[in-house]
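Structure first, then comments.
What follows draws every value from the coordinates through simple rules; no lab data is involved. Owing to the predicted nature of the structure, the values given are computational and were not obtained by experimental measurement. Glycine gets a Cβ as well: all are built from the backbone with ideal geometry, and neighbour counts include every protein chain shown.
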Amino acid sequence: MNAHPQPQACPSAFAAGREIGRYGSAEAGPTLVATGGLHGNEPGGVVALGRVFRELAERKPAMKGQLLGLVGNSCALARSTRFVDEDMNRVWTKAGVEALRRQDPSQDHSEQREQRELLALLDPLLEAAAANPRRRAMLLDLHSTSGGGPPFIVMGDTLQNRELAFALKAPVLLGLEENIEGTLIEYFAAGGNVAVVLEGGQNEDPRTADNHESAIWIALVACGLLDAAQVPELERHRARLTAAASGVPGVIEVVHRHDIAPENEPHFRMLPGLKGFMQIEKGRLLAHDGPHAQAQVTAPFSGVLLMPRYQPKGLDGFFMGKTIEPFWLRMSAVLRKLRMERVISLLPGVQQNHHGPNTLAVDPKIARFFTLEFFHLLGYRKHVEHEQRLVFSRRNDRL
Ligand SMILES: [Zn+2]
């Protein structure tokens with residue numbers, strides 16, 4: 001995997017096709033960026049965006065802002081593989097992006113070339129959004145899963161993300177970004193921008209592109225780019241996503257990731273027949289892992305199984321989560337609007353961290369009565385453990 005002979009097979013023709021479409025005007029309001037195929041074996045978003053731009057070109061509705069549709073990983077898409085050299089949804093950490101900017105482009109591997117092109121399109125939008133609140137930037141990143149199941153949303157729990165996510169009528173997974181570093185939504189949301197992932201269904205299932213298409217139309221209305229009256233099929237789109245997610249809990253907090261060691265990547269096997277959002281009892285056998293797939297992997301607690309890996313590539317075996325009651329969501333929105341985080345650093349065992357005002361260092365020996373959930377409630381995410389301290393950074397709510 002490390003020996004990457006530079007493929008000649010991803011010519012610049014794909015780069016020219018980076019933009020699936022662009023509609024409306026950036027000067028007229030916010031820009032909604034929709035990305036498809038960030039993983040090359042997930043073509044549904046690209047198909048859906050093609051349909052939406054064709055319909056926009058036919059009907060020509062006046063848009064209060066701009067829709068920009070982008071191909072994520074064109075080379076991997078052309079080969080129907082998740083990635084060529086590196087997973088393109090794990091490379092967007094601050095340090096990773098800075099290292100890429102310093103790197104000589106002639107040294108880029110396949111995904112670094114793709115990422116450099118995306119950065120050239122995204123950065124001007126993010127800069128404009130930071131400078132001018134009327135030019136807000138929002139991201140809908142369209143993905144799908146190898147295991148199938150209902151559509152769902154993955155996002156950092158900010159109040160502005162909740163607004164778009166709840167409009168999409170699909171179940172929401174919170175806390176996944178604490179288990180996965182370097183996603184595109186993490187990069188995009190850093191300045192307080194809206195950024196959500198929609199997992200539309202199974203990778204090759206034709207209904208996945210339908211779900212993605214519905215999500216794009218709903219997002220255009222939820223983000224204020226189109227009025228509901230300008231999307232004649234809006235109710236049908238909402239009904240489609242609602243029906244696809246029926247019977248699934250509304251909001252789930254991801255609390256466990258089964259991490260596959262790189263050397264065991266090809267050997268990992270989920271047990272057949274498991275699906276995302278299944279209720280799993282503690283101790284149930286879920287997978288085989290290890291050098292000869294001899295190690296049995298069981299559920300660490302009773303909860304909801306998420307994204308079981310039924311594809312050959314990737315180091316995320318599966319995730320498990322717990323359902324969050326609507327009461328706690330409302331409570332946390334109230335606490336954040338009251339800016340409760342301003343008093344939190346007065347509590348014993350909690351200090352403002354040298355990384356800045358939005359970062360806390362927590363000594364778990366003193367502040368043991370605080371749970372991870374407590375910090376989540378106030379809008380913090382767990383960051384890194386550093387010298388026996390838990391470090392939390394505040395997610396960027398726009399209040
Ligand atoms: Zn994906």
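Here are the numbers:
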item	result
Environment charge at I252 (Cβ cut-off 12 Å; Lys +1, Arg +1, Asp -1, Glu -1)	-2
Simple spin-label estimate for L121 and V97 in nanometres, 7 Å along Cα-Cβ	1.6 nm
Potential lengthening between T242 and M340 on full extension [0.36 nm per residue; Cα-Cα distance subtracted]	31.9 nm
Computed [θ] at 222 nm, helices only, for the chain once each DSSP H run of length n ≥ 4 contributes -39500 (n - 2.57)	-9000 deg cm²/dmol
Placed amide H near T145: partners under 5 Å, 5+ positions off or other chain	G200, G201, Q202, N203
Cβ-derived FRET efficiency at R0 41 Å, E233 paired with K322, nearest 0.05	0.70
Relative contact order computed over the chain (Cα-Cα under 8 Å; 6+ residues apart), in percent	14 percent
Whole-percent pair-distance distribution, where bins are 10 Å wide, for the alpha carbons of the chain	5, 22, 32, 27, 12, 2, 0
Which of H39, H109 has the fewest Cβ neighbours within 10 Å, and the rest in rising order	H109, H39
For the range 217-340: relative contact order, % (alpha-carbon pairs under 8 angstrom, 6 or more apart)	25 percent
Distance (nanometres) between label positions extended 7 Å along Cα→Cβ at F374 and E163	3.1 nm
Relative exposure of M63, M320, M278, judged by other C-beta atoms within 10 Å (fewest first)	M278, M63, M320
Cα Rg over Rh - the range 251-323, Kirkwood	0.95
In sequence order, calculated HN-Hα J values of the range 67-83 (Karplus, 6.51, -1.76, 1.60; Hz; x Gly/Pro)	10, 10, x, 10, 7, x, 10, 5, 5, 5, 4, 4, 9, 6, 10, 4, 7
Paramagnetic reach from S80 (point 7 Å along Cα→Cβ, amide N under 12 Å) across the range 305-319	none
Footprinting exposure proxy for M138, M270 (fewest neighbouring C-beta atoms within 10 Å first)	M270, M138
Debye, to nearest 20: dipole size of the chain, +1 on Lys, Arg Cβ, -1 on Asp, Glu Cβ	1020 debye
Computed lengthening from D205 to E281, 0.36 nm per intervening residue step minus Cα-Cα distance	24.5 nm
Relative packing of peptides 242-252, 143-153 - highest average C-beta neighbours within 10 Å first	143-153, 242-252
Tensor-based shape of the range 12-244 (alpha-carbon gyration tensor, a/c under 1.5 rounded, otherwise prolate or oblate)	rounded
Proximal lysine pairs, the chain, alpha carbons under 22 Å, eight or more residues apart or interchain	9
Centroid-to-centroid separation of the range 51-129 and the range 145-164 [C-alpha atoms, Å]	20 Å
